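We did not get these values from a lab; they are worked out from the coordinates using the rules stated. What you see is a predicted model, and the numbers here were worked out from it, not measured in a lab. All Cβ positions, even for glycine, are placed from backbone atoms using ideal geometry, and neighbour counts span all protein chains on display.
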Amino acid sequence: MGTVTIGVSIAVPEPHGSLLQERRAGFGDAAAHGIPTHVTLLPPTEVDAAALPAIEAHLLEVAGAGRPFPMKLSGTGTFRPLSPVVFVQVAEGAEACTWLQKQVRDASGPVARELQFPYHPHVTVAHGIEDEAMDRAYEELADYRAEWPCTGFALYEQGPDGVWRKLREFTFGGPVVPPQAGAPAERNSTPAC
């Protein structure tokens, strides 16, 4: 069957996803239209295609243990000079994203792997383009804000054309958040995510 390149991420919903994708393309990032706007949980990872059923079963377990959480994007950041990336920051939901990505990459699971850099949840809006365009992305999206209830994540595969396509969505197993004002917080041994 050979190998495939997969990734796991939280999609940025509409209208935010398309808007940020168009802005990324507008800054001159040629990869923009092949990459749905997202927060990465598992970076591009080459796996044996025969392992996909086991990976999906693992992701079902991770999603089942997860809980919906509020996501908020606010302002910009950059990994420069370490990496040529400008991003929109995850202002709320970062702790839940961090917990999720650890579960996805669990050492006993089918996609256990080390990361090249420490995990930092973000939404890339410019990558590997001219410095002037990176500066423009950083400045023009500095006031960008978006929020939504995150209710799950998805498994993607990168095609031979470089385009990422969704294979399957995974919905969290808990109650929908944010809770109503005044509602007691759910007591659970699972971290809030």
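Laid out as a table, the results:
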item: Count of the stretch 100-113 residues which are acidic (Asp, Glu) and out of contact with any helix residue (DSSP H, G or I) (no Cβ under 9 Å at 6 or more places or on another chain); result: 0
item: Criterion violated by Gln116 - all others in (1) in contact with a helix residue (DSSP H, G or I) (Cβ under 8 Å, 6 or more places away or on another chain); (2) assigned to a loop (DSSP other than H, G, I, E, B) satisfied; result: (1)
item: Criterion: within 14 Å of the chain's Cα centre (by Cα), touching a residue at least 12 places away in the same chain (Cβ under 8 Å) and exposed (fewer than 14 other Cβ atoms within 10 Å of the Cβ) - qualifying residue of Pro13, Pro44; result: Pro44
item: Every pair of residues 6+ apart whose Cβ atoms lie under 9 Å, when the first sits in the stretch 91-109 and is closer than 10 Å to Val62 by Cβ while the second is among the aromatic types (Phe, Trp, Tyr) and surrounded by 19 or more Cβ atoms within 10 Å (Cβ to Cβ); result: Leu100/Phe153; Val104/Phe153
item: Selection status of Ala50, in contact (Cβ under 8 Å) with a residue 40 or more places away in the chain, on the phi < 0 side of the Ramachandran plot and surrounded by fewer than 16 Cβ atoms within 10 Å (Cβ to Cβ); result: yes
item: Condition broken by Ala96, with the remaining ones in (1) closer than 16 Å to Val12 by Cα; (2) among the small types (Gly, Ala, Ser); (3) assigned to a strand (DSSP E or B) satisfied; result: (3)
item: Some residue of the stretch 64-74 being among the hydrophobic types (A, V, I, L, M, F, W, C), in contact (Cβ under 8 Å) with a residue 24 or more places away in the chain and touching a Ser or Thr at 6+ places or on another chain (Cβ under 7 Å); result: yes
item: Any hit, the stretch 53-76, residues being in contact with a Leu (Cβ under 7 Å, 6 or more places away or on another chain) and surrounded by fewer than 17 Cβ atoms within 10 Å (Cβ to Cβ); result: yes
